[in-house]
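In what follows, a structure is listed as structure tokens, so that the remarks can point back to it.
The values are calculated or read from the model by the stated rules, or taken from the named source; none is laboratory data. None of these values were measured; they are calculated from a predicted model. Heads up, the Cβs are rebuilt from the backbone with ideal geometry, glycines too, and the neighbour counts pull from every protein chain shown.
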């Protein structure tokens with residue numbers, strides 16, 4: 001970086017080669033990363049695409065590394081990636097859903113500290129098309145009936161009945177009650193290998209968001 005590459009605008013904004021200089025490790029860095037990854041306009045791009053989106057407009061030291069780390073720690077991306085993992089065998093094309101919330105995936109983030117309301121887990125339900133998600137605070141002691149009621153209230157009420165559901169083999173999802181409910185609703189259920197994302201290593205802001213949802 002040289003003096004010739006820097007320019008100070010009248011509003012006090014410092015530019016580097018025409019790009020806005022952002023203080024490293026600031027909240028603004030996180031806000032830019034969050035907007036470029038999780039907003040409805042970008043829908044969770046990979047690190048390369050996300051970096052190419054940010055680079056023409058902003059600059060800070062280590063920006064490319066920060067982008068890669070942010071994408072790697074995204075809870076929604078981890079769950080979607082796990083859903084697409086299949087046993088070794090012939091390659092099969094991944095079908096892209098045509099409608100929002102027509103095909104969903106769900107899993108639990110468990111082993112969290114209990115809140116005052118006895119919530120110790122997050123039920124993550126993801127739309128496979130847009131990767132938008134609901135993070136529902138629950139207790140791992142909830143019965144299948146309780147989860148079914150939450151599902152109706154929080155997912156079906158807002159988005160309608162999905163045609164396809166991918167979940168792990170949690171006993172509540174393999175139970176006769178859950179299977180009968182989905183059959184009655186007309187949803188196809190696919191069971192995948194269990195996936196339990198680690199809370200360790202998640203960004204501080206993600207953990208704070210999840211904790212706030214659980215209160």
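Do we have residue 148 as at pLDDT 90 or above, under 23 Å from residue 192 (Cβ atoms) and not in a loop (DSSP other than H, G, I, E, B) here? First the steps, then the outcome.
On the way: at pLDDT 90 or above: yes; under 23 Å from residue 192 (Cβ atoms): yes; not in a loop (DSSP other than H, G, I, E, B): yes.
It is true that residue 148 is at pLDDT 90 or above, under 23 Å from residue 192 (Cβ atoms) and not in a loop (DSSP other than H, G, I, E, B).
Of all residues in segment 18-32, which are exposed (fewer than 12 other Cβ atoms within 10 Å of the Cβ) and within 17 Å of residue 56 (Cβ to Cβ)?
Passing the criteria: only 18.
Somewhere in segment 76-96, is a residue under 20 Å from the mean Cα position of the chain (by Cα), crowded, with 17+ Cβ neighbours inside 10 Å and modelled with pLDDT of 85 or more?
no
Checking residue 163 against (1) surrounded by 13 or more Cβ atoms within 10 Å (Cβ to Cβ); (2) closer than 20 Å to residue 45 by Cα; (3) out of contact with any helix residue (DSSP H, G or I) (no Cβ under 6 Å at 6 or more places or on another chain), which single condition isn't satisfied?
Residue 163 satisfies all of (1) surrounded by 13 or more Cβ atoms within 10 Å (Cβ to Cβ); (2) closer than 20 Å to residue 45 by Cα; (3) out of contact with any helix residue (DSSP H, G or I) (no Cβ under 6 Å at 6 or more places or on another chain) except (2).
Among what's in segment 172-182 and is out of contact with any strand residue (DSSP E or B) (no Cβ under 8 Å at 6 or more places or on another chain) and free of Cβ contacts under 8 Å to residues at least 24 places away in the same chain, pick the residue that is surrounded by the most Cβ atoms within 10 Å (Cβ to Cβ).
Only one residue fits best here, namely 180.
For segment 171-212, which positions are at pLDDT 85 or above, in contact with a helix residue (DSSP H, G or I) (Cβ under 6 Å, 6 or more places away or on another chain) and part of a loop (DSSP other than H, G, I, E, B)?
Across segment 171-212, the qualifying residue is only 175.
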